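Worksheet: one structure, shown below.
Each value in this text was obtained by applying a stated rule to the coordinates, not by laboratory testing. Quick caveat: nothing in here was measured; it's all calculated off a predicted structure. Note that we place each Cβ from the backbone using ideal geometry, even for glycine, and neighbour counts take in every protein chain shown.
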Amino acid sequence: MIAGDSGEKARRPGEFADLARRFASQFTWGVATSAYQIEGAAAMDGRGPSIWDEFCARPGAIKDGSSGERACDHYHRMAEDLALISDLGIGAYRFSVSWPRVQPLGAGAWNERGFDFYERLVDGLLERDIAPYLTLYHWDLPLALQAGGGWENRDTALRFVDYAREVSRRLGNRVRSIATHNEPWVVAVLGHEAGIFAPGLKSRRLAMQVAHNLLLSHGLALQALRADGVSTPLGIVLNQGPIHAATNSPEDRAKARLDDGLTIRWYMDALLLGRYPADVVEFLGADAPTVTDEDMRTISQPLDFLGINYYTRNVSGTGEPQKPAEDGRERTDMGWEVFPAGLTELLLRLHDDYPLPPLYIMENGAAYRDQLEAGRVRDEDRVRYLRRHVAALADAIERGVDVRGYFVWSLLDNFEWADGYRKRFGIVYVDYATQQRIPKDSARWYQQLCAAHRHGDTRRVAGEAVL
Ligand code: IFM
């Protein structure tokens, strides 16, 4: 059992009850991870290689030269990690299935030993009364599919549908929801335009075709799963934050509007309105993807839920950006501005602009330079970050936005993609040399919030429903 205070000075008595009371009794509190970032066991029990294994092997691709080969060794420590979630009293766990672990070549044979791991994971969660939230694709494409063009090739969307159907057939009726993709913008742009994530390609045209094919695969998967009779709520998870113009000049405002189009409206308009934003299509010109009307109907299948990952806002303009260190804004160890009001603003804007399904904040959290001292990590910055964002979320809910759950990114410190192990997002510290898990003060803070919500007199909402 983990107990103790949140590590903050002068915390007001009743803080947890006051905050918890702002959320409906059925509101879900969870923690999130993804397969490649925590599992390790990269070549074990028949798992095939993914594009991230290959990318990490390229000199200079990952800042500390590391990979997810061992990560948090969660593959072997799953029971311990589930006990940790349970001890913290956290009611939900969001995880992803590694496609190459269950289908090593991305087509053809299934790997039973891979599925066995996820069967045990889901059963273990249910035994502990923790609701499983499954994501199908959190970036680890089977390497064999990249040889055929990866997400640039429409055929990968069909392979994804086969994979989605098989995972749903085996696990679907035991999980609380199934998300097709996590952050398609990141896959498309960081992976295929900026080239800083796997598969490390650099072409805007390619990135936009990939963005389209990812959305298409999402729509095709939803159609197929519904045709299969899957009744588990189905959705997708997008990374979003408001884009603010650096100045009020017409140029900066136009740039911010375009960036908003490329990051938010491209995905939201396609999924919820069945079209791409005309201003962005015009801007892209020859880089715009090849699209059919039928594709847009497929992409805009009804969503049972929409996941939003919120970390920060973005400031956009035509001038030379100010160096983060010089702009005086509070930032995390990623260099991302701490801007809780952006979460409220984003949610209200989405609520105004789109016919939304119920929302979930599927990721929110922060990296800080945590120090383990005398067996304790006093991560006051992270506690403050979380508290302010949870309050910002409550502000949006109280103003009418239907948000049903919140997941902290992340349960554990883990492999932070191109940053390797240098950035720590966990509410649980991982000593990578020993694989020891040490709950940080933020874990204790979250534990108390979850407990207060569970036991407290939470807000009752007329007609309140659970997914
Ligand atoms: O670690 C990532 C995660 O995989 C996707 N969303 C953002 C997190 C922090 O960068």
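Using the alpha carbons alone, the radius of gyration of segment 243-300 stands to its Kirkwood radius in an Rg to Rh ratio of 1.05.
Here is what passes the span test in the chain: the DSSP H helices with alpha carbon length of 24 Å or more along the helix axis and a Kyte-Doolittle mean of -0.5 or above are 204-227, 380-398.
Indicate, rounded to the nearest 5 percent, the antiparallel portion of the DSSP beta bridges found entirely in the chain. Each step should come with its number before you reach the end.
Numbers: 7 of 45 bridges.
Expressed as a percentage, antiparallel bridges in the chain total about 15.
In this structure the amide hydrogen of Thr135, modeled in the peptide plane, comes within under 5 Å of the amide hydrogens of Phe95, Ser96, Val97, Ala179, none closer than 5 places in sequence on its chain.
Sorted by average packing, counted as other Cβ atoms within 10 angstrom per residue and highest first, what order do 235-246, 344-355 take? Spell out each step's value before the answer.
Working: 235-246: 22.6, 344-355: 17.1.
Ranked by mean Cβ neighbours within 10 Å, highest first: 235-246, 344-355.
Relative protection proxy for 264-270, 443-449, from highest mean packing down: 443-449, 264-270 (other beta-carbon atoms within 10 angstrom). A protection proxy built from the mean count of other Cβ atoms within 10 Å ranks the segments 326-337, 300-311, 163-174, 372-383, most packed first, as 300-311, 163-174, 372-383, 326-337.
Note on the chain: Lys pairs 8 or more places apart or on different chains, Cα atoms under 29 Å apart, count 12. Pairwise Cα distances in the chain exceed 41 Å in 12 percent of cases. Principal axis extents of the Cα atoms in segment 271-386, from largest to smallest and rounded to whole angstrom, are 60, 39, 25.
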